[in-house]
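Student: The structure's right below; bear with me while I get my questions together.
Derivation of every value follows stated rules applied to the coordinates shown; laboratory data play no part. Quantities reported herein were computed from a predicted structural model and do not represent experimental measurements. Please note: Cβ atoms are built from the backbone with ideal geometry, for glycine as well, and neighbour counts cover all protein chains shown.
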Amino acid sequence: METRRDIFQAIADPTRRAIIGLIAITAMTPGDLASHFNTSRQAISKHIKVLVECEVVKQEVSGREIFYQLDINKMKEVDEWLEKYRCLWEKRFDQLENVLEKLKTKKK
C-alpha cells in the first residue's frame, strides 16, 4: 500500500522549509534553488520532488526551463490545522500571565 504524502511531510524538513521560503517570493528553477544551499542540485531536486508530491509546489514550464512556485492554497492547510490550537495556546498564555501577575503583586 502506498502512503500519500501530505503538507506536514513537506514542512518537516528544514531544507524544504527553506525552499518554500525562497519560492514564496518568486518562482525559481532547480538551479536557482540549489545556488542557495551547500548541497548538490540532485539533493535539491529530491526535496522539490517531495514538495511537488505534497502539492505544495507547482511546476511551470517556460521554454526549456522548469520554474517552481508555491501553491499558497496548500499552505492554508497548515494554518487551518494550527488554528485549532491557537485558541488553546492563547488561553494558556493568558492563564500564565495571570499567575505571573499574582506572583508579582505578592512580592510587593
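Student: Full-extension gain between Glu83 and Glu53, please, as 0.36 nm times their residue separation minus the C-alpha to C-alpha distance.
Tutor: Separation in residues times 0.36 nm, less the Cα-Cα distance, equals 8.4 nm.
Student: Arrange Glu65, Glu55 by Cβ neighbour counts within 10 Å, fewest through most, would you?
Tutor: By the 10 Å Cβ count, ascending: Glu65, Glu55.
Student: Which residue, Lys84, Lys46, Lys76, has the most motion in a Gaussian network model of the chain that connects Cα atoms within less than 10 Å?
Tutor: It is Lys84.
Student: Once you list every other residue whose beta carbon is under 15 Å from the beta carbon of Asp94, what net charge do they have if Lys and Arg are +1 and Asp and Glu are -1?
Tutor: Its environment carries a net charge of +1.
Student: Next question. With label points built 7 Å along Cα→Cβ from the Cα atoms of Ser62 and Phe93, find their separation and express it in nm.
Tutor: Rounded to a tenth, the inter-label distance reads 3.9 nm.
Student: So how do Arg41, Arg86 line up by other beta-carbon neighbours within 10 Å, fewest first?
Tutor: Arg86, Arg41
Student: Given that just one value was derived from the coordinates, which of (i) 13.5, 38; (ii) 14.0, 46; (iii) 20.2, 72 is Rg and Dmax of the Cα atoms in Å?
Tutor: (iii)
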